[in-house]
Amino acid sequence: MTIKIYGDAGSGSLRRVTTAAKIMGIALERVNVDLFKGESQTEAFKARLNPHGLTPVLEDGGTILYEASAINLYLADKVHSPLAGATHEERFAVLQWMFWSGEQWRSLTTTLFDERVAKTVMGLPQDGAIVAFADGKLRAAAGVLDRHLASRRFMVGDSLTLADIDIAAPFSQAARAKFPFNEFANLLAWHDRLLAIPAWAETKAELDTRMDRFLAGAGVSL
(Lines give C-alpha, C1' and ligand atoms only; values in the text may rest on other atoms or scores of the structure.)
Protein backbone atom coordinates (compact mmCIF):
# COMPACT_ATOMS: atom_id res chain seq x y z
CA MET A 1 0.00 0.00 0.00
CA THR A 2 1.30 3.44 -0.94
CA ILE A 3 2.37 5.76 1.84
CA LYS A 4 1.04 9.27 1.26
CA ILE A 5 2.66 12.42 2.59
CA TYR A 6 0.71 15.67 2.60
CA GLY A 7 2.66 18.92 2.57
CA ASP A 8 4.06 21.97 0.80
CA ALA A 9 7.43 21.89 -0.98
CA GLY A 10 8.30 25.20 0.69
CA SER A 11 8.14 23.61 4.14
CA GLY A 12 11.32 22.72 5.98
CA SER A 13 9.33 20.17 7.96
CA LEU A 14 8.21 18.37 4.81
CA ARG A 15 11.84 18.50 3.67
CA ARG A 16 12.87 16.56 6.77
CA VAL A 17 10.48 13.75 5.84
CA THR A 18 11.24 13.62 2.13
CA THR A 19 14.98 13.63 2.84
CA ALA A 20 14.75 10.79 5.35
CA ALA A 21 12.50 8.77 3.06
CA LYS A 22 14.93 9.16 0.14
CA ILE A 23 17.83 7.99 2.30
CA MET A 24 15.85 5.01 3.59
CA GLY A 25 14.62 4.07 0.12
CA ILE A 26 10.96 4.54 1.05
CA ALA A 27 8.65 5.63 -1.76
CA LEU A 28 6.16 8.32 -0.82
CA GLU A 29 3.16 9.54 -2.77
CA ARG A 30 3.28 13.31 -2.49
CA VAL A 31 -0.02 15.14 -2.00
CA ASN A 32 0.43 18.89 -2.34
CA VAL A 33 -1.12 21.09 0.32
CA ASP A 34 -0.58 24.76 -0.52
CA LEU A 35 0.16 26.42 2.81
CA PHE A 36 0.22 29.88 1.23
CA LYS A 37 -3.39 29.40 0.13
CA GLY A 38 -4.44 28.09 3.54
CA GLU A 39 -5.27 24.61 2.30
CA SER A 40 -4.27 23.04 5.63
CA GLN A 41 -6.72 25.30 7.46
CA THR A 42 -9.89 23.90 5.93
CA GLU A 43 -12.35 22.07 8.16
CA ALA A 44 -12.04 18.98 5.96
CA PHE A 45 -8.26 18.89 6.38
CA LYS A 46 -8.45 19.40 10.12
CA ALA A 47 -11.16 16.79 10.56
CA ARG A 48 -9.41 14.03 8.60
CA LEU A 49 -5.69 14.74 8.79
CA ASN A 50 -4.53 17.16 11.48
CA PRO A 51 -6.77 19.15 13.83
CA HIS A 52 -3.95 21.69 14.24
CA GLY A 53 -4.06 22.55 10.54
CA LEU A 54 -0.38 21.84 10.03
CA THR A 55 1.72 19.73 7.66
CA PRO A 56 3.34 17.35 6.93
CA VAL A 57 0.89 14.53 7.55
CA LEU A 58 1.50 10.87 6.76
CA GLU A 59 -1.22 8.45 5.71
CA ASP A 60 -0.28 4.78 5.65
CA GLY A 61 -3.38 2.66 5.29
CA GLY A 62 -5.40 3.38 8.41
CA THR A 63 -2.54 5.23 10.10
CA ILE A 64 -2.65 9.03 10.15
CA LEU A 65 0.40 10.65 11.71
CA TYR A 66 1.52 14.26 11.95
CA GLU A 67 4.69 15.99 13.23
CA ALA A 68 7.75 15.43 11.03
CA SER A 69 9.87 13.91 13.80
CA ALA A 70 7.22 11.34 14.65
CA ILE A 71 6.74 10.56 10.95
CA ASN A 72 10.47 9.99 10.47
CA LEU A 73 10.65 7.69 13.48
CA TYR A 74 7.66 5.78 12.13
CA LEU A 75 9.31 5.35 8.73
CA ALA A 76 12.63 4.34 10.30
CA ASP A 77 10.85 1.73 12.38
CA LYS A 78 9.20 0.24 9.29
CA VAL A 79 12.55 -0.50 7.65
CA HIS A 80 14.73 -0.83 10.78
CA SER A 81 16.85 2.10 9.63
CA PRO A 82 20.03 3.15 11.48
CA LEU A 83 18.87 6.75 10.95
CA ALA A 84 17.09 6.28 14.28
CA GLY A 85 20.36 5.15 15.88
CA ALA A 86 22.52 2.10 15.23
CA THR A 87 22.68 1.02 18.87
CA HIS A 88 20.47 1.24 21.95
CA GLU A 89 22.58 4.10 23.29
CA GLU A 90 22.59 5.94 19.98
CA ARG A 91 18.81 5.67 19.69
CA PHE A 92 18.31 7.59 22.91
CA ALA A 93 20.96 10.14 21.95
CA VAL A 94 19.12 10.67 18.66
CA LEU A 95 15.84 11.11 20.54
CA GLN A 96 17.50 13.55 22.94
CA TRP A 97 18.62 15.80 20.10
CA MET A 98 15.33 15.49 18.24
CA PHE A 99 13.37 16.54 21.34
CA TRP A 100 15.81 19.38 22.01
CA SER A 101 15.52 20.52 18.42
CA GLY A 102 11.74 20.72 18.64
CA GLU A 103 11.62 22.47 21.99
CA GLN A 104 14.70 24.69 22.02
CA TRP A 105 15.96 25.15 18.45
CA ARG A 106 13.34 25.14 15.71
CA SER A 107 10.88 27.08 17.86
CA LEU A 108 13.33 30.00 17.83
CA THR A 109 13.96 29.85 14.09
CA THR A 110 10.23 29.61 13.44
CA THR A 111 9.70 32.76 15.48
CA LEU A 112 12.35 34.63 13.51
CA PHE A 113 10.97 33.33 10.20
CA ASP A 114 7.50 34.54 11.16
CA GLU A 115 8.82 37.99 12.09
CA ARG A 116 11.26 38.51 9.24
CA VAL A 117 9.60 36.65 6.37
CA ALA A 118 5.93 35.99 7.07
CA LYS A 119 5.26 39.51 8.34
CA THR A 120 7.09 41.00 5.37
CA VAL A 121 4.88 38.99 3.01
CA MET A 122 1.79 40.17 4.89
CA GLY A 123 2.96 43.79 4.95
CA LEU A 124 3.15 43.87 8.75
CA PRO A 125 5.90 45.46 10.88
CA GLN A 126 8.34 43.27 12.76
CA ASP A 127 8.25 43.26 16.54
CA GLY A 128 11.78 44.31 17.45
CA ALA A 129 11.58 42.93 20.98
CA ILE A 130 10.56 39.48 19.76
CA VAL A 131 13.30 39.50 17.11
CA ALA A 132 15.96 40.49 19.64
CA PHE A 133 14.84 37.88 22.17
CA ALA A 134 14.67 35.02 19.66
CA ASP A 135 17.92 36.02 17.97
CA GLY A 136 19.76 36.06 21.30
CA LYS A 137 18.41 32.66 22.30
CA LEU A 138 19.24 31.25 18.87
CA ARG A 139 22.84 32.47 19.07
CA ALA A 140 23.23 30.80 22.47
CA ALA A 141 21.82 27.52 21.14
CA ALA A 142 23.99 27.70 18.02
CA GLY A 143 27.01 28.18 20.26
CA VAL A 144 26.21 24.93 22.08
CA LEU A 145 25.88 23.11 18.75
CA ASP A 146 29.12 24.64 17.50
CA ARG A 147 31.01 23.32 20.52
CA HIS A 148 29.35 19.91 20.23
CA LEU A 149 30.38 19.66 16.57
CA ALA A 150 33.97 20.78 17.14
CA SER A 151 35.17 17.17 17.36
CA ARG A 152 32.29 15.37 15.59
CA ARG A 153 31.23 14.92 11.99
CA PHE A 154 27.60 14.26 12.93
CA MET A 155 25.34 14.91 15.89
CA VAL A 156 25.34 11.28 17.07
CA GLY A 157 27.81 8.51 16.24
CA ASP A 158 29.81 8.37 13.04
CA SER A 159 27.07 8.77 10.44
CA LEU A 160 23.93 10.71 9.60
CA THR A 161 20.89 10.23 11.84
CA LEU A 162 17.47 11.79 12.25
CA ALA A 163 19.08 14.12 14.81
CA ASP A 164 21.10 15.75 12.03
CA ILE A 165 18.04 16.10 9.80
CA ASP A 166 15.98 17.71 12.57
CA ILE A 167 18.68 20.17 13.58
CA ALA A 168 19.58 21.03 9.97
CA ALA A 169 15.97 21.92 9.12
CA PRO A 170 16.32 25.67 9.89
CA PHE A 171 19.06 25.95 7.26
CA SER A 172 16.21 25.60 4.76
CA GLN A 173 15.21 29.21 5.48
CA ALA A 174 18.46 30.55 6.96
CA ALA A 175 19.22 33.09 4.22
CA ARG A 176 15.63 34.34 3.96
CA ALA A 177 15.16 34.75 7.71
CA LYS A 178 18.75 35.90 8.33
CA PHE A 179 19.65 33.33 10.96
CA PRO A 180 23.14 34.04 12.40
CA PHE A 181 24.60 30.65 11.45
CA ASN A 182 27.53 32.14 9.51
CA GLU A 183 29.09 33.09 12.84
CA PHE A 184 29.59 29.45 13.83
CA ALA A 185 32.30 27.70 11.82
CA ASN A 186 31.75 24.16 13.11
CA LEU A 187 28.02 24.40 12.54
CA LEU A 188 28.57 25.59 8.96
CA ALA A 189 31.12 22.85 8.26
CA TRP A 190 28.68 20.23 9.55
CA HIS A 191 25.92 21.54 7.30
CA ASP A 192 28.29 21.52 4.32
CA ARG A 193 28.84 17.82 5.02
CA LEU A 194 25.09 17.27 4.95
CA LEU A 195 24.82 19.06 1.61
CA ALA A 196 27.22 16.46 0.20
CA ILE A 197 24.47 13.90 0.86
CA PRO A 198 22.40 13.80 -2.36
CA ALA A 199 19.00 13.61 -0.66
CA TRP A 200 19.62 16.76 1.42
CA ALA A 201 20.89 18.67 -1.61
CA GLU A 202 17.95 17.56 -3.77
CA THR A 203 15.33 18.62 -1.25
CA LYS A 204 17.10 21.97 -0.78
CA ALA A 205 16.76 22.68 -4.49
CA GLU A 206 13.06 21.81 -4.41
CA LEU A 207 12.38 24.02 -1.39
CA ASP A 208 14.36 26.96 -2.78
CA THR A 209 12.49 26.81 -6.08
CA ARG A 210 9.13 26.80 -4.31
CA MET A 211 10.00 29.68 -1.98
CA ASP A 212 11.71 31.81 -4.62
CA ARG A 213 8.73 31.50 -6.98
CA PHE A 214 6.26 32.34 -4.23
CA LEU A 215 8.19 35.40 -3.03
CA ALA A 216 8.68 36.64 -6.59
CA GLY A 217 4.99 36.17 -7.32
CA ALA A 218 4.13 38.09 -4.17
CA GLY A 219 6.53 40.88 -5.15
CA VAL A 220 8.55 40.42 -1.96
CA SER A 221 12.28 41.04 -1.72
CA LEU A 222 13.87 40.02 1.56
If you wrap region 77-139's Cα atoms in a convex hull and average its projection over all directions, what's the area in nm²? 6.0
Once you place label points 7 Å from the Cα toward the Cβ at Gln104 and Asn186, how far apart are they in nm? 1.5
Which entries in the list Lys78/Lys137; Lys4/Lys137; Lys78/Lys204 go over 31 Å, if you measure between the two C-alpha atoms of each? Lys78/Lys137; Lys4/Lys137
Just to confirm, what accessible area per residue do you get for region 75-222 at 1.4 Å probe, in whole Å²? 50
Give me the percent of DSSP beta bridges within the chain that run antiparallel, rounded to the nearest 5. 60
Tell me, what % of the accessible area of the chain is carbon and sulfur with a 1.4 angstrom probe? 54
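Take the Cβ-Cβ distance between Thr87 and Ala129 as r, set R0 to 45 Å, and report the resulting FRET efficiency rounded to the nearest 0.05.
Numbers: r = 44 Å, r/R0 = 0.99.
Given R0 = 45 Å and the Cβ-Cβ separation, E is 0.50.
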Please work out the average accessible area per residue across region 1-46, using the 1.4 Å probe convention, and give it in Å². 47
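For region 1-98, what class follows from the C-alpha gyration tensor (a ≥ b ≥ c being the square roots of its eigenvalues): rounded when a/c is under 1.5, otherwise prolate if a/b is larger than b/c, else oblate?
Values: a/c = 2.06, a/b = 1.85, b/c = 1.11.
Since a/c reaches 1.5 and a/b is larger than b/c, the shape of region 1-98 is classed as prolate.
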How far apart, in nm, are the 7 Å Cα→Cβ label points at Val144 and Asp212? 3.5
Highest GNM mean-square fluctuation among Ala47, Ala199, Ala134, for the chain with Cα springs under 10 Å, belongs to Ala47
Through the Karplus equation 6.51 cos²θ - 1.76 cosθ + 1.60, θ set to phi - 60°, convert the phi angles of region 124-140 into ³J(HN,Hα) values in whole Hz; use x for Gly and Pro. 9, x, 6, 8, x, 5, 5, 4, 5, 5, 5, 5, x, 5, 5, 4, 5
Compare Gly123, Gly102, Gly157 in a GNM of the chain, Cα atoms joined below 10 Å, and give the one with the largest fluctuation. Gly123
Give, in whole angstrom and from largest to smallest, the semi-axes √(5λ) of the equivalent ellipsoid of the chain, with λ running over the eigenvalues of the Cα gyration tensor. 26, 25, 15
Summing -39500 (n - 2.57) over every DSSP H run of at least 4 residues in the chain and dividing by its residue count gives a helix-only mean residue ellipticity at 222 nm, to the nearest 500 deg cm²/dmol, of -16000 deg cm²/dmol
Honestly region 158-222 on the Cα gyration tensor test (a ≥ b ≥ c root eigenvalues; a/c under 1.5 rounded, otherwise a/b vs b/c for prolate or oblate) is just oblate
Could you give the dipole magnitude of the chain about its Cα centre, charging the beta-carbon of Lys and Arg +1 and that of Asp and Glu -1, in debye to the nearest 20? 220
Per-selection Kirkwood Rh - region 95-222 (Cα, Å, 1 d.p.): 15.4
Residues of region 144-165 with amide N under 20 Å of the 7 Å Cα→Cβ point at Ala196: 146-165
Among Gly128, Phe171, Leu188, whose Cα lies farthest out toward the positive end of the dipole of region 121-222, if unit charges sit on the beta carbon of Lys, Arg (+1) and Asp, Glu (-1)? Gly128
Mean-square fluctuation check for the chain, GNM, Cα pairs under 10 Å: which of Met24, Met122, Met155 is largest? Met122
The chain, relative contact order [Cα under 8 Å, separation at least 6], %: 23
Cα-based shape type of region 111-154, given that a ≥ b ≥ c are square roots of the gyration tensor eigenvalues and the cut on a/c is 1.5: oblate
Please report how far the C-alpha centroid of region 133-182 lies from that of region 86-102, rounded to the nearest whole angstrom. 15
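The values are calculated or read from the model by the stated rules, or taken from the named source; none is laboratory data. Predicted model only: the values in this text are computed from it and were never measured. Cβ sites come from the backbone with ideal geometry, for glycine too, and all protein chains shown count toward neighbours. Quick note on the areas: whole protein, heavy atoms, side chains included, nothing else; ligands and nucleic acids left out. Shrake-Rupley method; radii C 1.70, N 1.55, O 1.52, S 1.80 Å.
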